[in-house]
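Sharing a structure with you now.
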């Protein structure tokens, strides 16, 4: 007869004895997972934080303000969390806004802690004790031009002063400064158009009613392309206004390798600025925040003359810019080079490694917005067939789409009154740091057009916005 030994019971008994011997009476308690409402009444506001820094700046040009410590009467502000690090798209920071709906201010809080979403979930009301904390301001301008009063939308960051900059609140101090409420509210994003965005909306949750990923960014991942460094930038296109804004996704986000959605629909995200605070970005908490489920996209119409290969031996127009050595030389060669906003930034002649081209960028232009056009001399198609357009572009310090190619048959000198048809050309992209190399537009069939026409390159950027440098070379039209 076999003896059956109950090892399971003995194991459990052993574990129980071990726990009993290691834990003294009163030392072992069940963690309290409930949240008790703290006895705190907010006596300041996020707007007041910004005002304090503005006053500091007006007094001594300082872009950092430190709040006094008053143990008898601490200063508290309240806000609602609108960011989560659960997907890795926010790192060691909380974004809070002053109200769950129709907010009037938001701020970024930097903390030396990860897994913040486990404690500070979206919609969680929190109280922030300002005593001893510091707030900084950055609008991406140079150290001499950055100012909370210059009209450029900037970002306010709250943390601990380290030298002359604001750094993360130490992990050991977080509970002293960030106290969560028992309240978890539903965050109602502010429905807005891109043209309505101001600095007030930074660090708040916004929503675009009808938007999509720009056509040239389709089939890409959120942040998994070879030229994505630290962050990937994809362009959000607003259907009604045709405005754009950069979608910023961390290369550490769990969804970085997901392909961006191809449809259109509602988009919600936290409005912020890029790492250097130079341009506006939107940051999604999860890819599901892009509810682009409508397959009927709102892409602007483009020239369609057929897909068959065209082109021939007759050169109707060709410009390699080798003989153009100045900005005035561009217009002397018959090109129209105009800034429609009245600014001074135009396409200019540049050279590198023995090659000449034209170049434009909004960086350090002090123009926001910047819209500049470069239009070819008149080109006559009446004597040929099977016409084809090609050109080359190169990009540098790419932070968003800024160039669009067009063609017109009624341009007479004023770009604002002509009828322009968009050309579906392949334009250079990336990198975000440094320059790419020239790449071809591909063969663009224009054989369905007749008569006299002009090709145009429209640059739309902004100092403090999209500042991608674009270079153009080897514009050519051939036929038979």
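Only the coordinates and a few stated rules stand behind these numbers; no lab work does. Everything quoted here is computed from the prediction, not taken from an experiment. Because the Cβ atoms are built from the backbone with ideal geometry, glycine has one as well, and the counts that use them run over all protein chains shown.
Per DSSP H run of n ≥ 4, the term is -39500 (n - 2.57); total these for the chain, divide by its residue number, and report the mean residue ellipticity at 222 nm rounded to 500 deg cm²/dmol.
-2500 deg cm²/dmol
Now a separate question. What number, in percent, do you get for the relative contact order of region 314-479 if the mean sequence gap of Cα pairs under 8 Å and at least 6 apart is divided by its residue count?
About 36 percent, as a whole number.
Here's something else I'd like to know. Among 427-435, 207-215, what's the highest-first ranking by average C-beta atoms within 10 angstrom per residue?
Descending packing order for the listed peptides: 207-215, 427-435.
Is the C-alpha gyration tensor of region 190-294 telling us rounded, prolate or oblate? Criteria: a/c under 1.5 is rounded; beyond that, a/b larger than b/c is prolate, otherwise oblate.
oblate
Oh, and also: How many percent of DSSP beta bridges within the chain run antiparallel, rounded to 5?
About 90 percent, rounded to the nearest 5.
For helix 7-22, what angle does its Cα long axis make with the longest principal axis of the chain, in degrees from 0 to 90 and rounded to 10?
80 degrees
Let me ask something additional. Within 10 Å of each residue's Cβ, count the other Cβ atoms and sort 353, 288 from fewest upward.
Starting with the residue having the fewest Cβ neighbours, the order is 353, 288.
So, one more: Within a 10 angstrom radius of the beta carbon, how do 416, 51 rank from fewest other beta carbons to most?
The most exposed by this proxy come first: 416, 51.
Sort out for me the Cα centre separation of region 271-339 from region 204-264, rounded to whole Å.
With region 271-339 and region 204-264 each reduced to a Cα centre, they are spaced 17 Å.
Same structure, new question: Shape call for region 133-207 from the C-alpha gyration tensor, a ≥ b ≥ c root eigenvalues: rounded (a/c under 1.5), prolate (a/b greater than b/c) or oblate?
oblate
Next question, about the same structure. Computed FRET efficiency, Cβ-Cβ of residue 443 and residue 182, R0 56 Å: what is it to the nearest 0.05?
0.30
Highest mean first, what order results for 168-174, 372-378 on Cβ atoms within 10 Å?
Result, highest mean Cβ count within 10 Å first: 372-378, 168-174.
What are the extents of the Cα atoms of region 231-275 along their three principal axes, listed from largest to smallest and rounded to whole Å?
Rounded to whole Å, the extents work out to 32, 24, 14 Å.
Here is a follow-up. Compute log10 of I(q)/I(0) for region 314-479 with the Debye formula, placing one identical point scatterer on every Cα and leaving out solvent, at q = 0.11 Å⁻¹, to two decimals.
For the requested q values the scattering log ratios are -0.42.
Taking the number of other C-beta atoms within 10 Å as the exposure measure, put 438, 233 in order starting with the fewest.
Starting with the residue having the fewest Cβ neighbours, the order is 438, 233.
Also: Provide, in order from the shortest bin, the percent of all Cα-Cα pairs of region 77-209 in each 10 Å bin, continuing until the bin that contains the maximum pair distance.
12, 41, 36, 11, 0
Plugging the Kirkwood radius over Cα pairs into Stokes-Einstein for the chain, at a temperature of 4 °C and a viscosity of 1.567 mPa s, what D comes out in µm²/s?
50 µm²/s
With a point put 7 Å past each Cα toward its Cβ, work out how far residue 382 is from residue 275 in nm, to one decimal.
So the label points at residue 382 and residue 275 sit 5.6 nm apart.
Give me Rg/Rg_expected for region 30-127, where Rg uses Cα atoms only and Rg_expected = 2.2 N^0.38 Å with N residues.
Dividing the Cα Rg of region 30-127 by 2.2 N^0.38 Å gives 1.22.
Can you tell me the 0 to 90 degree angle between the C-alpha axis of helix 46-60 and the longest principal axis of the chain, rounded to 10?
Approximately 70 degrees, to the nearest ten.
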